[in-house]
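What follows draws every value from the coordinates through simple rules; no lab data is involved. A quick note: this is a predicted structure, and the numbers were derived from the prediction, not measured. FYI the Cβ positions are ideal-geometry reconstructions off the backbone, even for glycines, and counts take in every protein chain you see.
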Amino acid sequence: MGHASTQFVSLNAAVLTVSDTRTADTDTSGKYLSEQLTNAGHQVVERVILKDNLYQIRAQVANWIASDNIQVVLITGGTGFTDRDSTPEAVTCLFDQHVEGFGELFRQLSYIEISTSTIQSRALAGLANHTLVCCMPGSTNACRTAWEGILLQQLDATHKPCNFVAHLGQKTACAGRD
């Protein structure tokens, strides 16, 4: 039943910030996710900021999914209900499998912090070409909730009884920590 390993596996990740206003200097959410990935022993091989444009988001994520060097894509932003929020529409068509539990668990954890406002989050995740794609709201607090409550454990091959690492393409991941 379990998919846990006895050894940590360093994953290659890409971080995408979807925002019409953030820059490299003001992107606290993308910076937070990149730092947490690195602190956990993973490699951030690319970090990009894109304006909220469905087709640019889709093209960037599709490129990463097709890459032999990326196993995880973390996306922050574009998951609300404004006319400009298009991250879910951009990426869901790329999924081979939807991870319904990601959005459900995110909203459950988020409810503790922001009450019923969590229903306006369209956080979601899916697997595509053995790449995990997770979409979170753009706030740094929301990224922290997702990281601490879900991603830290699910991106750790030693987490029992199961985690996502066994489902990800081994591509060019590094086994073991230095």
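Here are the numbers:
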item: Near pairs, Cβ below 9 angstrom, 6+ apart or cross-chain, from segment 116-127 (without any contact (Cβ under 8 Å) to a residue 40 or more places away in the chain) to any residue that is of a type in the set (Val, Ile, Thr) and surrounded by 14 or more Cβ atoms within 10 Å (Cβ to Cβ); result: Ala125/Val99; Ala125/Val133; Ala125/Ile150; Gly126/Val91; Gly126/Thr92; Gly126/Val99; Gly126/Val133
item: Members of segment 31-47 that are crowded, with 17+ Cβ neighbours inside 10 Å, touching a strand residue (DSSP E or B) at 6+ places or on another chain (Cβ under 8 Å) and not in a strand (DSSP E or B); result: Leu33, Ser34, Leu37, His42
item: Among residues of segment 72-102, those that are surrounded by 13 or more Cβ atoms within 10 Å (Cβ to Cβ), among the hydroxyl-bearing types (Ser, Thr, Tyr) and more than 20 Å from Leu33 (Cβ to Cβ), counted; result: 1
item: Residue in segment 9-30 that is farthest from Phe81 (Cα to Cα), counting only those that are of a type in the set (D, E, K, R) and surrounded by fewer than 18 Cβ atoms within 10 Å (Cβ to Cβ); result: Asp25
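Matching residues to (1) within 13 Å of the chain's Cα centre (by Cα); (2) outside any helix (DSSP H, G or I):
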residue: Ile75; (1), (2): yes, yes
residue: Thr82; (1), (2): no, yes
residue: Cys93; (1), (2): no, no
residue: Glu113; (1), (2): no, no
residue: Ala125; (1), (2): yes, yes
residue: Leu132; (1), (2): yes, yes
residue: Gly149; (1), (2): yes, no
